[in-house]
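The values are calculated or read from the model by the stated rules, or taken from the named source; none is laboratory data. What you see is a predicted model; the values in this text were computed from it and never measured. Virtual Cβ from ideal backbone geometry, glycine too; neighbours counted across all protein chains shown.
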């Protein structure tokens, strides 16, 4: 069950909103081989260090919940010609000189540079040729990319966030988006973190002014109601 803020005074000041299908985009955050696969990048590094048990929950959730959820959302969005945006994270420089100090070691350890296999998106949810892919060098997407101008230029005002990690790149980017005037939804079953408490804490705090938390079925049902009879064909 998605945590609620109904007993929190801030709920009185948190505005609700409804999605507008023509202005809604699905955002996939960092679903890459660098950190979203137990066989490569971070997953392989932890296994080689004998620490793979520390990431068991993470990769179990990605494989068993997050990827299947994203696949369903992608199918829905593609069927109805809705916008999909992929975000990746990785250095653009061979020597990682463009990486910020707090993420440089992680990027290096995962061989996460643009053009490497680790920087690429998982095959099961790879983008279609015309879908937008934006690489960032920071935890949040807005500070190191032109994501803001791309979204506004396309008339996108409502953003559905999926990916990893819920409490890191997903949350940071979604909070940045809210502070730029976008209406944001965290898709509970479309996100994952290294520990369940990290994920759940983010769901609670994000509902405090920033946006909403919904399941994938809830957001698809809402969009179906906006798209009309063709959404059920």
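At-a-glance table
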read-out: Selection within the stretch 135-147 - surrounded by fewer than 16 Cβ atoms within 10 Å (Cβ to Cβ) and either closer than 20 Å to residue 191 by Cβ or in contact with a helix residue (DSSP H, G or I) (Cβ under 9 Å, 6 or more places away or on another chain) (or both); value: 143
read-out: Every residue from the stretch 175-199 that is within 20 Å of residue 220 (Cα to Cα) and free of Cβ contacts under 8 Å to residues at least 40 places away in the same chain; value: 182, 184, 186
read-out: Some residue of the stretch 30-37 being out of contact with any helix residue (DSSP H, G or I) (no Cβ under 8 Å at 6 or more places or on another chain) and either part of a loop (DSSP other than H, G, I, E, B) or farther than 17 Å from residue 130 by Cα (or both); value: no
read-out: Unmet requirement for residue 50, which otherwise passes all of (1) in contact with a helix residue (DSSP H, G or I) (Cβ under 7 Å, 6 or more places away or on another chain); (2) assigned to a loop (DSSP other than H, G, I, E, B); (3) within 24 Å of residue 194 (Cβ to Cβ); value: (1)
read-out: First in the stretch 34-47 and over 18 Å from residue 105 (Cβ atoms), second anywhere and at pLDDT 95 or above and buried (at least 23 other Cβ atoms within 10 Å of the Cβ), Cβ under 7 Å, 6 or more apart; value: 36/30; 36/62; 36/164
read-out: Any hit, the stretch 58-71, residues being at pLDDT 95 or above, crowded, with 17+ Cβ neighbours inside 10 Å and more than 17 Å from the chain's Cα centre (by Cα); value: no
read-out: Selection from the stretch 124-149 of residues that are out of contact with any strand residue (DSSP E or B) (no Cβ under 7 Å at 6 or more places or on another chain), more than 20 Å from residue 112 (Cβ to Cβ) and at pLDDT 95 or above; value: 128, 146, 148, 149
read-out: Single residue of 115, 140, 155 found to be in a loop (DSSP other than H, G, I, E, B) and within 15 Å of the chain's Cα centre (by Cα); value: 140
